[in-house]
Every structure is written in structure tokens, then in C-alpha cells.
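Visitor: Please read through the structure below; I'll follow up with questions.
Since every read-out is calculated from the coordinates, none of them should be taken as a lab result. Remember, it's a predicted structure, so these values are computed and weren't measured experimentally. Here the Cβ positions follow ideal geometry from the backbone for every residue, glycine too, while neighbour counts run over all protein chains shown.
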Amino acid sequence: MATEGNLRISQVGLRGVVGPGLTAAHILDFAAAFGTFLDAPGKIVIGRDPRASGIMIREGVVAGLLATGHDVIDLGVVSTPVIQHAIRRVDAAGGISIGASHNAAEWNALKFLGPYGSYLATGESGELLDIYHLKKFAFVGHESVGKLQTDRTAIDQYLDDLAKLFPLERLKKFKILVDCTNGLSALLLRRMHDRFGLNFVLFNERLEGRAFVHEPATNRKMVELQLAPLMKHVGADAGFLFDIDSDRVALATETGQAVSEEMVMVLLADEFLERGPGKIVIANVSTTGLLEEVAARHGGHVERVAVGRQATIDALQAFRPEQIAIAGEGTGAIMIPQFRYVYDGIAAMLAILERMDRTNRTLSQMLGSYPRYSILKGVVPLETHKIPEMLFALEQFYPDAKRNTIDGLRLDWMNRWVHVRVSQTEPIVRVICEQQGDEPRQLFEETMEIVRSYCA
């Protein structure tokens, strides 16, 4: 993985601060590499989020793809899930989503999608990176340059897919408060409200490209600051906060309680394990251990993988579709079985509302049925290259822990654990610590102090 403070090139894709890190040259080369990777001819679907840099990046993406002989279908300003649905619908060779999801407005990114709308698996991402670094692009002559067309129907067609799966008529009884964070959920939910009559109360709805109203993070702290204080005032039955791309979501209850983002996956694992037939939950090693308890209730089990979408896609491909109950991560990014390979916060929201309707329970009642797990999350800016020394120091400091090195270092004890890893999308080290019952404050603070001593 090539990393600088303002640029990250890895198997996750291309991500950086536009200008100081991410440049037009990066965009052109990566688009040409992707066009070469997919082999021409073949349609490629693209779309972008509302960031101000998106138009510039779109031009570079289109140029690189057309130059490698691909026709391009531009969906305009749409979310990654909308792009993924469109890839399947038009039988495209693949797609590119332009947008940096949970990063601040100065960041942008390219997310690469395969022919079924899925994120690339590890081997595919490695091949794409090889083409990019070698710069052996399959440019075509003037007679074979691809054609560009636009399609502004993709959002409605995506909503049609959701309407086939979820009982939207029954969900109209709920009053739903939504913090759109100036992102794409505003477009999708406003259109869903207009077409199907769902009772959404949207705020931070206006699309913004240069500065979002708040950090686009789907975590309990952000819910506590932005969404939870309004719940009782509005009289909402449930509250949801989305990132810019609407592929991640976080929760607030009808009582105004900010909920850990980890509970999105717990609720949906409970729902889809109960529905069946799948009994496997795919989750990364940073996601709450409560999943194991929920899976055991339904005779299922949890497959733990490295953090990152490639690892999840690799795991999905190792099982038959009917074996999987759900896949996702503790950030509120979830794949439901009907939309395999698609992280979709809107679908996750509808599935939670459907569970509330089917069980005739409030969101707080559903959450109150689970045993208490307490999780603490921290980040440390990454300014050095002493990661191996840091991980070794942690092992030495906690010699009695069970060691897991599938992704960074996870240390386990009975009923508690801590995980330390370098982020794939930001120049930071993440520290996540969980314990049954009370917060693991001492373990968390000790670990954070060791990490700071090596990363500062």
C-alpha cells in the first residue's frame, strides 16, 4: 500500500485529498488501468457524490475509459448502491463510483466495481494495481474509442428494487428522522417520500460539495451530537444518520438514545438469521463480539475476516449464496442477502423498520433485549513508519493475550479484546477495544498510550 498523508493507493482503490495528494494524473492513470483490466469492449457505469472535485474527476474517469475502448454510462450524482444496481441491470462490465463516503469534503476517491456490481476481490484488486503501476494501458485507435451516454433513471430503478423487497406501505406508519449530512441519502429519501409516501423528516438535506455541515462519520458520537437531541422533539419512531454515500448508517432510538454503530449489524444479523436459510455471518475482526451470541441463538456462526471490503468479498465467494445470512462491519455498512455484494445504508434502514413492524416493538425495546457490550474506539494520526515495532511492543506488554494477526494485531482475553490496525482509507491508526459489561477504559487508555508513543 502506497501511503502519504494526503494520498492512499491500495487494494481498496484510490483515495486522497484533492490537489495536495490526489491529482488529475492519478485519475487518468487509474481509469485507464481499470479499462485495461476489464478488457474492451464492454459498458462501464459511473456516478459521483456531490463533492466539488467530482466534476473534475468525472472528466478524467470518462477520458481514461473511453480511451481504452469502453462505452460509458454516466448516472450523474448518485450513490454507490445505485451504481451497483445499475451495473446488474444493464449487464455492464463494471463500474466506478467517484466519492469518498465518510471522509471530509476535501477528499475524493475511486471505488472500482466488477460485473455483478461487487467490489473487486483481493486478486482482482492486485491485478488492477499491477496494471496501474506498470502503466501498460490498452489504448485503442480513434475508430474504437468508446461512446458516452447519460442515464438519469437509475435512482427510480433502484427504488423500484427496494420496493419489491420491503413492505413500504406498512412502513408509512413510522415517523423517521434522518440526518442526511448533505449527502446522497437526501436525493434517495426525498424521492422515496414523493413516490411511496414514507414519513421522512429530513435535515441537513441540501447537497454540499465544499463543506459538509458536520463530519460525515456514522458513529455514536456523531449521532449523540446531531441526531439524538431532536428525536423526542420531532416525535420520531426511529432516527438514522448517513454518510455522504448512504452506504453506512447509524441509529438513534425514539427515546433520544444514541446507539453504537455496531448495533446496526447486530439487529440485521438477528433479523436475517431468523428469516433463514443462511446461518453464516461474515464480519471483520473489529466488529462487536455480540454477533457471536446472536448467531448462536439461531444455530449460526460468525466468520471473522480482515477489515476491508476485499476481505468480505473474498469470504462471500467462498460460500453458496443461500449459506450467508448477512455480511458487513461495525461501521454501519451492511450487505443484506437479497442484494449480495452491495453495502447499502438505505436497505439497512428499511430492514430495521421492517423488523420493528413485524415484531411490533420499538427500536429501544429491540436494542434492550441484547446483553450489554461496551466498545471504545480511538484514532491516532500516523506520522511515522514504526508500525512493526509498535505491534511487537503491544505483544510484549500483553503477553497473556491470545494473538491474532489477520489484520494488524488483535489481542483477546476472556470477554474482552483490543484491535490495533492501520486504516486503509485515512493516515491514522485505529484502536478498538470491547468488553462485556462496563467499558474497558484501562485497557483502551493503555493501548492508546503505546500507539501514540510510536506514531507521533
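Visitor: I324: net charge of surrounding residues, Cβ under 11 Å, Lys/Arg +1, Asp/Glu -1, itself excluded?
Guide: +1
Visitor: Follow-up question, since we're still on this one. Between the stretch 222-255 and the stretch 1-59, how far is it from one alpha carbon centroid to the other, in angstrom?
Guide: 32
Visitor: In the chain, with Lys and Arg counted as +1 and Asp and Glu as -1 at Cβ, which of these residues, P321, Y158, V82, has the Cα nearest the positive end of the dipole, that is, farthest along it?
Guide: Working it through, the farthest residue towards the positive pole turns out to be Y158.
Visitor: Shifting gears a bit: If every alpha-carbon in the stretch 83-232 counts as one equal scatterer, what log10 I(q)/I(0) does Debye give at q = 0.09, 0.16 1/Å?
Guide: -0.42, -1.14
Visitor: So what does log10 I(q)/I(0) come out to for the stretch 101-175 at q = 0.11, 0.14, 0.28 Å⁻¹, using the Debye formula with one equal point on every Cα and no solvent?
Guide: For the stretch 101-175 at q = 0.11, 0.14, 0.28 Å⁻¹, log10 I(q)/I(0) is -0.61, -0.89, -1.19.
Visitor: Given the options T36, G308, G54, identify the residue whose Cα lies farthest towards the positive end of the charge dipole of the chain (+1 on Cβ of Lys, Arg; -1 on Cβ of Asp, Glu).
Guide: Farthest towards the positive end: G54.
Visitor: To the nearest 20 debye, what charge dipole does the chain have about its Cα centre, counting +1 at the Cβ of each Lys and Arg and -1 at the Cβ of each Asp and Glu?
Guide: 620
Visitor: I've got another one for you. Please give the FRET efficiency for L230 paired with H133, using the beta carbon to beta carbon distance and R0 = 51 Å, rounded to the nearest 0.05.
Guide: Efficiency, from the Cβ-Cβ distance: 0.60.
Visitor: Give the separation of the Cα centroids, the stretch 81-108 to the stretch 133-211, in Å.
Guide: Answer, in whole Å: 10.
Visitor: A further question follows. Please compute the contact order of the chain in relative form: average sequence separation of alpha-carbon pairs under 8 Å and at least six residues apart, divided by the residue count, as a percent.
Guide: 13
Visitor: Mind checking which aspartates and glutamates have their C-alpha under 17 Å from K147, skipping anything on the same chain fewer than 8 residues away?
Guide: D39, E59, D71, D74, D91
Visitor: Right, here's the next one. Rounded to a whole number of µm²/s, how large is the Stokes-Einstein D of the stretch 262-368 at 25 °C and 0.890 mPa s, given Rh as the Kirkwood radius over C-alpha pairs?
Guide: Answer, rounded: 182 µm²/s.
Visitor: What value, in deg cm²/dmol to 500, does the helix sum -39500 (n - 2.57) over DSSP H runs of n ≥ 4 give at 222 nm once divided by the residues of the chain?
Guide: -11000 deg cm²/dmol
Visitor: Listed here are the pairs K111/K164; K43/K175; K175/K221; K43/K172; which of them are more than 29 Å apart at the Cα?
Guide: K43/K175; K43/K172
Visitor: Rounded to the nearest 20 debye, what is the charge dipole size of the stretch 416-456 about its Cα centre when +1 sits on each Lys and Arg Cβ and -1 on each Asp and Glu Cβ?
Guide: 160
Visitor: Calculate one ³J(HN,Hα) per residue across the stretch 251-259 by plugging θ = phi - 60° into the Karplus curve 6.51 cos²θ - 1.76 cosθ + 1.60, and present them in order as whole Hz with x for glycine and proline.
Guide: Listing the rounded values in order: 10, 9, 7, 5, 8, x, 7, 7, 10 Hz.
Visitor: Can you tell me the length gained on complete extension of the stretch R361 to L202, counting 0.36 nm per residue apart and subtracting the Cα distance?
Guide: Additional length available on full extension: 54.9 nm.
Visitor: Taking the Cα of S10, stepping 7 Å toward and past its beta carbon, and measuring to each backbone N in the stretch 335-374: which are under 19 Å?
Guide: Inside the label zone: 343.
Visitor: Calculate the radius of gyration of the Cα atoms of the chain to one decimal place, then report Dmax, the largest Cα-Cα distance, as a whole number, both in Å.
Guide: Expressed in Å, the Cα Rg and Dmax of the chain come to 21.5, 67.
Visitor: Write down the Kirkwood hydrodynamic radius of the stretch 373-455, to one decimal in angstroms, obtained as one divided by the mean of 1/r over all alpha carbon pairs.
Guide: Answer for the stretch 373-455: a Kirkwood hydrodynamic radius of 12.7 Å.
Visitor: Let me ask you something else. Which is the longest part of the chain that has none of the chymotrypsin sites (Phe, Trp or Tyr not before Pro) sitting in a DSSP loop with at most 16 other Cβ atoms within 10 Å?
Guide: No qualifying site falls inside 140-318, the longest such stretch.
Visitor: Could I ask something else about it? Taking +1 at the Cβ of each Lys and Arg and -1 at the Cβ of each Asp and Glu, which of L409, T384, A100 sits farthest along the dipole of the chain towards its positive end, judged by Cα position relative to the Cα centre?
Guide: A100
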